[in-house]
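Novice: First, the structure itself, so that you have it in front of you.
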Amino acid sequence: MSGRNPKSGASAPLSTVLGALRAAGEPTRLRLLALLAHAELNVTDLQEILGQSQPRISRHLKLMSGAGLIERHREGSWAFFRLAQDGHGAHLARGIIDKLSPEEPVLARDRERLAEVRASNADKAADYFRDHAKDWAKIRALHVEEEAVEAAIRELVGSRPVRALLDIGTGTGRILEVLAPQADRAVGVDLSVDMLSVARANIAKLGLTNVQFRQGDTYSLPVPQNSFDLVVIHQVLHFLDDPQRAIREAARALAPGGRLLVVDFAPHELEFLREAHAHRRLGFTIDAVTQWMKLAGLKPEVHDELKPPGNIRDKLTVSLWLARDPRVVTDLPASDPNRSVA
């Protein structure tokens, strides 16, 4: 959960406070609030966690959404919910959650079930990666040529040497093939052992000796904090149940002044990708990823789109976002309180 304070501050109109308290003042709705503080979830996820019916959960979500405590957005036939990010409702929701004891048995059990649901979602994605490690042709045919995407990536990254490169969700290792030659050191992280085997084989064929691989979770990267000056998340976010959390974790790995490059799909309506290819999300708006970068403490710099030729309705647009860690690298010594300033 982000620690960012809502712009509206602590004060709110009486009617807003009363509405929020009425909306939250029920056991199931309090449990839902606590869960949505940890993750962005859909109704199916919440059904599995709470063991309650879809109509009941939907009614609770509608009440809290109307009171401004949570936010809802639709992607194809699914709707995702999360804690409100701005406004009086966001401040009130976080205030309510802060009063809840994490040791409360019901809430602790909900978190356990949340972990189980997340693990199940991750297993489905891992199964897909294992079964399709050598066959991406069908999805690639839906958007512009990979060469065009890779050219756009090279242009955004530039030709300057990279000290340390991190590729999150490295898959077959293609991004490492493209960018590792200009890096002193490169690391590819993926949850799937099968995908890492494919990536290792591909990198070995090129004779790249500066690349290492690590098996690890996108949400908990097996890398030190502040250690990479370029981090790439290429076609990974749409498989995740909490892409904002992944961006926040990527930002943790960035060194001061480092850059984060995200490549994924713009919003689309190709439901078969969810049903047949384990896509959790049907693309992302410009504002969504930009906002997640800001909340992670980064400064968005560039957004670009690569639109496919022909009937765009049946194709995918590739979006690229580049953000920078605003911290400044300096060789100056720490400030001396006894040093006079001219």
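Novice: Could you list, in sequence order, all residues of region 170-183 that are of a type outside the set (Val, Ile, Thr) and modelled with pLDDT of 95 or more?
Specialist: The answer is LEU176, GLU177, LEU179, ALA180, PRO181, GLN182, ALA183.
Novice: Out of all the residues in region 1-31, which are in contact with an Asp or Glu (Cβ under 9 Å, 6 or more places away or on another chain) and modelled with pLDDT of 85 or more?
Specialist: Matches in region 1-31: ARG31 only.
Novice: Scan region 261-298 residue by residue and report those that are among the charged types (D, E, K, R) and closer than 17 Å to ARG245 by Cα.
Specialist: Selection gives ASP264, ARG280, ARG281, ASP287, LYS294.
Novice: What tally of residues in region 25-41 results from selecting those that are surrounded by fewer than 16 Cβ atoms within 10 Å (Cβ to Cβ) and closer than 21 Å to PHE239 by Cβ?
Specialist: Total meeting the criteria: 0.
Novice: Ok, one more. Collect the residues in region 141-166 that are of a type outside the set (D, E, K, R) and in a helix (DSSP H, G or I), keeping them in residue-number order.
Specialist: If the condition is that a residue be of a type outside the set (D, E, K, R) and in a helix (DSSP H, G or I), then ALA148, VAL149, ALA151, ALA152, ILE153, LEU156, VAL157 are the ones that fit.
Novice: Give me the residue from region 68-122 that is among the small types (Gly, Ala, Ser) and touching a strand residue (DSSP E or B) at 6+ places or on another chain (Cβ under 9 Å) and, out of that set, surrounded by the fewest Cβ atoms within 10 Å (Cβ to Cβ).
Specialist: Once the filter is applied, the top-ranked residue is ALA79.
Novice: Please go through region 190-231 and pick out each residue that is out of contact with any helix residue (DSSP H, G or I) (no Cβ under 9 Å at 6 or more places or on another chain) and closer than 19 Å to ARG248 by Cα.
Specialist: Correct list: GLY216, PRO222, ASP229.
Novice: Which ones in region 95-106 are in a helix (DSSP H, G or I) and either within 26 Å of LEU18 (Cβ to Cβ) or small (Gly, Ala, Ser) (or both)?
Specialist: Within region 95-106, GLY95, ILE96, ILE97, ASP98, VAL106 meet the criteria.
Novice: Go over the candidates ASP241, ASP217 one by one and state the one that is modelled with pLDDT under 90 and on the phi < 0 side of the Ramachandran plot.
Specialist: Going through ASP241, ASP217 in turn, the sole match is ASP241.
Novice: So, one more: Mind checking whether some residue in region 266-274 is modelled with pLDDT of 90 or more, in contact with a Pro (Cβ under 7 Å, 6 or more places away or on another chain) and within 23 Å of THR317 (Cβ to Cβ)?
Specialist: no
Novice: Still on this structure: For region 289-317, name all the residues that are in a helix (DSSP H, G or I) and either at pLDDT 95 or above or not hydrophobic (A, V, I, L, M, F, W, C) (or both).
Specialist: VAL289, THR290, GLN291, TRP292, MET293, LYS294, LEU295, ARG313, ASP314
Novice: Looking at region 11-94, what helices (runs of 4 or more DSSP H) fall wholly within it and have at least 1 residues that are in contact with a His (Cβ under 7 Å, 6 or more places away or on another chain) and among the hydroxyl-bearing types (Ser, Thr, Tyr)?
Specialist: Where helices (runs of 4 or more DSSP H) fall fully within region 11-94 and carry at least 1 residues being in contact with a His (Cβ under 7 Å, 6 or more places away or on another chain) and among the hydroxyl-bearing types (Ser, Thr, Tyr), they are 14-24, 27-36.
The values are calculated or read from the model by the stated rules, or taken from the named source; none is laboratory data. Here the structure is a predicted model, which is why all the values come from computation and not from measurement. Every residue, glycine among them, receives a Cβ derived from its backbone with ideal geometry; neighbour counts consider all protein chains shown.
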